[in-house]
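Below is one structure, written out as structure tokens; comments come after it.
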Amino acid sequence: RTHSVPYLGVCLGFQAMVVEYARNVMNKSDANSTEFDEKTSDPVVIFMPEIDKENMGGTMRLGSRDTTFTHTHADGTESVTKALYGHRETVSE
């Protein structure tokens, strides 16, 4: 990211990208994945409950998943992601 080198983030690599971006661009020093730290105070990646923690790797979820946008900023504005999805409450992808 900082050296303009393309990076394909898949699975764990994508989690690392999200955590790095949240920490270094969004100034969220405690940002983490719940897969790395279940008790993180600032989860930016959650562990999907339908995934089996005992059999990691090659267990990618197939099919859509409902995502509900719950974040509202302190000033009352909605998240950028929700705005990008047309202000919908839930998306299924």
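The values are calculated or read from the model by the stated rules, or taken from the named source; none is laboratory data. Only a predicted model underlies this, so the values are computations on that prediction, with no experimental measurement involved. Please note: Cβ atoms are built from the backbone with ideal geometry, for glycine as well, and neighbour counts cover all protein chains shown. Just so you know, the surface numbers come from the protein's heavy atoms only, side chains and all, with ligands and any DNA or RNA stripped out. Shrake-Rupley method; radii C 1.70, N 1.55, O 1.52, S 1.80 Å.
Residues in the stretch 1-16 that are in contact (Cβ under 8 Å) with a residue 12 or more places away in the chain and part of a loop (DSSP other than H, G, I, E, B): Arg1, Cys11. Close Cβ contacts (under 6 Å, 6 or more residues apart or on different chains) running from residues in the stretch 65-93 that are on the phi < 0 side of the Ramachandran plot and in contact (Cβ under 8 Å) with a residue 24 or more places away in the chain to residues that are surrounded by 10 or more Cβ atoms within 10 Å (Cβ to Cβ) and assigned to a loop (DSSP other than H, G, I, E, B) comprise Val91/Tyr85. Within the stretch 71-93, the set of residues being loosely packed, with under 13 Cβ neighbours inside 10 Å, β-branched (Val, Ile, Thr) and either at pLDDT below 85 or not in a loop (DSSP other than H, G, I, E, B) (or both) comprises Thr72, Val80, Thr81, Thr90.
For the stretch 17-47, the set of residues classified as open to solvent by 50 Å² or more (accessible area, probe 1.4 Å) and in a helix (DSSP H, G or I) consists of Met17, Glu20, Tyr21, Arg23, Asn24, listed by residue number.
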